[in-house]
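Down below is the structure, laid out as structure tokens.
The values are calculated or read from the model by the stated rules, or taken from the named source; none is laboratory data. These numbers come from a predicted model, not from an experiment. Here Cβ is always computed from backbone atoms with ideal geometry, including for glycine, and neighbour counts include all displayed protein chains.
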Amino acid sequence: MLARIEYALRETWASFRRNLTLTLAAVLTSAIALLLVGATFLIQRAFENLLVQWRGDVAMIVFVRSDASPEQVALIDGTLRAAPNVIDVDKLRYLDKAESYAEAQRIFVGDPVTLSLLTPESIPTQFKVVPITQDTDLVRSLADQYRTLPGVEAVALAEDEFEVISTLSGFVRNVTLIMSLVLLAVAVGLIWNTIRTAMFARRREIEVMKLVGATNWFIRIPFMLEGLLQGLIGGVVSCAGVWALNSAWSGGVAAFKPGTGISSLVVPGGYLSGVMLVLLLLGAAIGAIGSAIAASRFLDV
Amino acid sequence: MIKLDGVTKIYGHDTLAVDDVSFDVAKGDFVFLVGPSGSGKSTLLRLMSREEVATQGDVWVAGRNVCEMPPSRVPYLRRSLGNIFQDYKLLLNKTVFENVAFALEVIGKPRHVIREQVPFVLELVGLADKSERFPNQLSGGEQQRVSIARAFVNRPLIMLADEPTGNLDPATSEGIMSLLQEINETGTTVVMATHDHRVVNAMRRRVIQLDRGLVVRDQERGVYE
């Protein structure tokens, strides 16, 4: 058993060095493909931070003063529910202080100054309003009406704030997703080709191995390990890239004035680690898939 | 040890290589398959090592029907066979020692077995002093001895030799044949395809003659004709 493992590792390493140019191309392509996947995740997460308060087709938010009385809150609730032909009353949601504070922590993740000014006691609560109608003028006139209600601090409309970003986010997501899928396929193809070339270069050895009774798995495993290693190294490189990208981005965002909203585009560290782990696994997977296809198809040399 | 029963092999759609061939080879036999090029000698050897599968009939090798063997068992069949070829099939980037060791290594034999067996078998074929040479530093006869050492190192039950003296001069061929005879005397069954008159006539062993895929003569202690 030990002899077999030693053999597999030795052959993997030898083949890895022998084909350096092709190997490098395969590793770099998978790294770039994975980097793009990672960037897609990060961009998506950043936009989500920005759009978190508008999630679920929310088009209007009625902010309620933190010192409003329960009666005032009930009055606002009643007024909102009195317009069932404009507002989807089933989707009407009220966020109390704790919920509003939790949301603010996400929005102001890159803006600690603003966040420090907020406390769970001082934060305004909010009604999230999903309209039924497509008529934005009607929604806008309702908003004007709600601003005059007692206890209302402000009324925000999605149209004014994040409609553009929401559209942009969807567009960016689609483009990066398609590009990374294409590049991932290219990476699998390149690893496949590298392994195929490695097998072709060693066809005499493979022929002799089959002749003297080596099992197909014994012949295959070094090649599959080689592909796995290529994908994994690509994954490590892409992790470094994603980390550098995120650091540069976070630094740039921090330079913006607090409270501009841009600061919420920062991605928290825990999420970044998760993305890096996914990239490593994805790298190993494309390496394994590419080399497995090659090793099972080109064994008959 | 080997039994062919009504074996027919057709390549592609209409190239008949072997036509309804039946014969038995007992354990410890030495058999020549003779006949002109294209008469089906090599195909018979390839059917025995299951590099090809018969179109019809059964091929039994060491008690197993190789035609019905699942592909995953084929490597284990090959471990009980030693193959020798006209072109040696040595790995040029490995030394003599490494070429022979490779055959043990790839079937997972531990290193101490390799260290023990390889020098022994190189001594047997008379190449103990050349174990660190590379194949292209050796003569044709010496290269064939390396390939015999590689085929024999795993102590196969059967040796299949396809024109092993095809590239060699008469004197060298004689040396190779006496080596094969020595191996045969250890109880290993030898099946050798050849069209070399001299070696067949000198040995006087069983001769199976083929012509266009048919067995036309099967004779104990035969000559080439």
On the basis of being closer than 22 Å to B:Phe97 by Cα and either without any contact (Cβ under 8 Å) to a residue 24 or more places away in the chain or of a type outside the set (Phe, Trp, Tyr) (or both), does B:Met159 make the cut? yes
Exactly one of B:Ala151, B:Ala193, B:Ala202 is more than 14 Å from chain A (Cβ to nearest Cβ) and within 24 Å of A:Gly213 (Cα to Cα), and that one is B:Ala193
Exception for A:Leu245 within (1) over 30 Å from A:Leu36 (Cβ atoms); (2) surrounded by fewer than 20 Cβ atoms within 10 Å (Cβ to Cβ) falls at (1)
Those residues of segment B:88-118 which are crowded, with 18+ Cβ neighbours inside 10 Å and outside any loop (DSSP other than H, G, I, E, B) amount to B:Val96, B:Phe97, B:Asn99, B:Val100, B:Ala101, B:Phe102, B:Ala103, B:Leu104, B:Glu105, B:Ile114, B:Gln117, B:Val118
Filter segment B:37-67 for residues that are in contact (Cβ under 8 Å) with a residue 60 or more places away in the chain and part of a loop (DSSP other than H, G, I, E, B); the one that is nearest to B:Ala151 (Cα to Cα) is B:Ser49
In the set B:Lys89, B:Lys9, B:Lys3, the lone residue that is basic (Lys, Arg) and within 20 Å of B:Arg145 (Cα to Cα) is B:Lys89
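Quick grid of which residues meet (1) among the hydrophobic types (A, V, I, L, M, F, W, C); (2) part of a helix (DSSP H, G or I):
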residue	(1), (2)
A:Leu9	yes, yes
A:Ala14	yes, yes
A:Arg17	no, yes
A:Leu24	yes, yes
A:Leu34	yes, yes
A:Gly38	no, yes
A:Phe47	yes, yes
A:Asp67	no, no
A:Pro84	no, no
Exactly one of A:Leu20, A:Leu28 is free of Cβ contacts under 8 Å to residues at least 24 places away in the same chain and more than 14 Å from chain B (Cβ to nearest Cβ), and that residue is A:Leu20
Screening B:Thr172, B:Thr186, B:Thr165 for residues that are surrounded by 24 or more Cβ atoms within 10 Å (Cβ to Cβ) and not hydrophobic (A, V, I, L, M, F, W, C) leaves only B:Thr165
* Does A:Ala244 satisfy the criteria of being away from chain B (no Cβ under 14 Å), out of contact with any helix residue (DSSP H, G or I) (no Cβ under 7 Å at 6 or more places or on another chain) and farther than 19 Å from A:Thr29 by Cα? -> no
Check your understanding: Can you find a residue in segment B:149-165 that is among the acidic types (Asp, Glu) and more than 15 Å from the chain's Cα centre (by Cα)?
Key -> no
Checked A:Ser180, A:Ser169 against criteria (buried (at least 17 other Cβ atoms within 10 Å of the Cβ) and modelled with pLDDT under 80); the one match is A:Ser169
- Any hit, segment B:68-87, residues being over 30 Å from B:Asp5 (Cα atoms), within 8 Å of chain A (Cβ to nearest Cβ) and not in a loop (DSSP other than H, G, I, E, B): no
Within segment B:20-38, the residues that are exposed (fewer than 14 other Cβ atoms within 10 Å of the Cβ) and within 14 Å of B:Thr188 (Cα to Cα) are B:Ala26, B:Lys27
The residue from B:Val34, B:Val96, B:Val53, B:Val125 that alone is away from chain A (no Cβ under 13 Å), touching a strand residue (DSSP E or B) at 6+ places or on another chain (Cβ under 8 Å) and of a type outside the set (D, E, K, R) is B:Val34
From the option list B:Val199, B:Val207, B:Val223, B:Val153, single residue qualifying as more than 22 Å from B:Ala17 (Cβ to Cβ) and touching an Asp or Glu at 6+ places or on another chain (Cβ under 8 Å) is B:Val199
Subset of segment A:178-222, residues assigned to a helix (DSSP H, G or I), within 24 Å of A:Leu28 (Cβ to Cβ) and within 14 Å of another protein chain (Cβ to nearest Cβ), comes to A:Ala201, A:Pro222
From the option list A:Val58, A:Val109, single residue qualifying as of a type in the set (Val, Ile, Thr), under 25 Å from A:Ala248 (Cα atoms), modelled with pLDDT under 85 and not in a helix (DSSP H, G or I) is A:Val109
